[in-house]
Amino acid sequence: MNGDQVTALLAEFAAHGLRVWVAGGWATDAVVGRQTRPHADLDLAFDASRQAELLALLDRLGFVTTVDWLPVRAELTAPDGRKVDIHPVAFRPDGSGVQSGLDGATFAYAADGFAGGVIDGRPVPCLSVDQQLRFREGYPPREVDHHDIALLRAH
């Protein structure tokens, strides 16, 4: 997926009042302010209370669910090969959130875990540097993780 496709999808979500934050590799590039590597998909954290609306919009845009592990996550693929990996976040009154994980695990989002960045010169909502680093702990890092971690730590 390229930057124009990412920002076009984000504009669709915003036009429908859906709160999403770029996560994963695109979030690293967003906080750095430029694309640093190719991305196979777009990871998104989103407000779990609006899950049905988000899925309906993605369906209207031609995306089909290819992996359904909800309430943990889901992957959706468009006919042109674009992929979106969605992660529902249940928000608390203080602005923090929690995402369900497999086997009863959970992932915590700090209230300050939501920030902004830039993709293709356009401002986008994304996970903060600290939140991104927290999510890259607890598993053996892949080559792309080493790349992203180095950029996040330098930022």
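Read-outs throughout are calculated quantities, based only on the coordinates presented, and are distinct from any laboratory measurement. This is a predicted model, so every value here is computed, not measured. Every residue, glycine as well, gets a Cβ built from its backbone with ideal geometry; the counts of neighbours run over all protein chains shown.
Side notes on the structure shown:
Quick grid of which residues meet (1) surrounded by fewer than 12 Cβ atoms within 10 Å (Cβ to Cβ); (2) under 14 Å from the mean Cα position of the chain (by Cα):
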residue	(1), (2)
103	yes, no
107	no, yes
115	no, yes
124	no, yes
135	no, yes
140	yes, no
151	no, no
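- Search result, residues across region 66-95 that are among the hydroxyl-bearing types (Ser, Thr, Tyr) and surrounded by fewer than 16 Cβ atoms within 10 Å (Cβ to Cβ): 66
- Counting only residues that are of a type in the set (Gly, Ala, Ser), assigned to a helix (DSSP H, G or I) and free of Cβ contacts under 8 Å to residues at least 40 places away in the same chain, region 32-65 holds 2 of them.
- Only one of 44, 57 that is out of contact with any strand residue (DSSP E or B) (no Cβ under 7 Å at 6 or more places or on another chain) and under 26 Å from residue 2 (Cβ atoms): 57
- Residues satisfying the stated conditions in region 23-52, i.e. touching a Pro at 6+ places or on another chain (Cβ under 7 Å) and closer than 17 Å to residue 77 by Cα: 51
- Among the residues of region 1-25, those identified as of a type in the set (S, T, N, Q) and part of a helix (DSSP H, G or I) are 5, 7.
- Of all the residues in region 63-111, those that are polar (S, T, N, Q) and touching a Lys or Arg at 6+ places or on another chain (Cβ under 6 Å) number 1.
- Of all residues in region 101-115, those being in contact with a strand residue (DSSP E or B) (Cβ under 8 Å, 6 or more places away or on another chain), without any contact (Cβ under 8 Å) to a residue 24 or more places away in the chain and closer than 17 Å to residue 31 by Cα number 1.
- Being in contact with a helix residue (DSSP H, G or I) (Cβ under 7 Å, 6 or more places away or on another chain), of a type in the set (D, E, K, R) and in contact (Cβ under 8 Å) with a residue 40 or more places away in the chain is true of residue 148.
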